[in-house]
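Report on the structure given below.
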Amino acid sequence: MKFLKRLLLILVVLGLLGYFVGVPYMQKQTKKHSPERTSTYTEKGMDLSVNYSSPSKKDRVIFGELVPYDAVWRTGANEPTTFTTKTDVTINGKNLSAGTYSIWTIPKPEEWAVMFNDQVPDWGVTILSGGADTTRDASHDVVSINVPVQSEANEIEKFTIDFEENNGTQMCLSWDKTKVCVPINK
C-alpha cells in the first residue's frame, strides 16, 4: 500500500512539474521560431493594438496547404492573435465595444472570414489534434465579416499584421503573396 501511495505521489509531482515547468518552456521555445509582435494605431480617436506571433514562410506553400482553406485558423502561431481597442469601433460597419478579443480567420482563395471573439484561450489549438483543431468557441464570436483577398506582387516572408490608411483605417494581414484588410472606423 505504501508503494502505491509513493508511486501516486511521484506521478502527481511529475505531472505538476510537467505542467508548470514543461508547458511554459515549450511555449518559450516555439516563440523562437514565431516571435511575438505588436502593431498599434492611435489616430482618428482610436487606440488599437494587435498582438500576434509571426511565423515565417520558409519556402513552404502557405495558404491551401500549411494553412488549409475552409478551416478555422488561429491567425498566426502560438497563442491566438489578440485585438485590443480602448474605444468603441465599427468593423466593416458592425459595432465592436472597447475590450480585448481573439481574432480567428477562415482563409479561402477569394475571401476570408474574420471573426472577433470575446474569449482569449491560453493556446490556439488542441494538443491532441496535432494543431489541426482550434480552441475557438464560435458562440462567443462578437463580430464576423468577410473580406476580399488581395494578391501581393512580392512574397512576404513573415506573417505580418499592420494598420494602414487606404480609403480609411484598415487592419491588414499579409503573408506569402496574400493580403486581406479589415476596415475599422470610430
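Values in this text are rule-based calculations from the coordinates and carry no lab data. What you see is a predicted model; the values in this text were computed from it and never measured. Neighbour counts are summed over all protein chains in view; Cβ atoms, including those assigned to glycine, are modelled from backbone coordinates with ideal geometry.
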Extending each Cα 7 Å along its Cβ direction at residue 69 and residue 158, get the distance between those two points in nm, one decimal.
-> 2.9
Residue by residue, what Karplus-based ³J(HN,Hα) values in Hz, rounded to whole numbers, does the range 49-55 have, using 6.51, -1.76 and 1.60 with θ = phi - 60° and x for Gly and Pro?
-> 8, 10, 10, 8, 9, 10, x
Of the listed links 44/177; 58/86; 44/179, those spanning more than 32 angstrom between alpha carbons are 58/86
9 Å beta-carbon shell around residue 176, net charge (K/R +1, D/E -1) = 0
Amide H contacts of residue 177 (H built 1.01 Å from N, under 5 Å, at least 5 apart or other chain) = 156
Environment charge at residue 60 (Cβ cut-off 15 Å; Lys +1, Arg +1, Asp -1, Glu -1) = -1
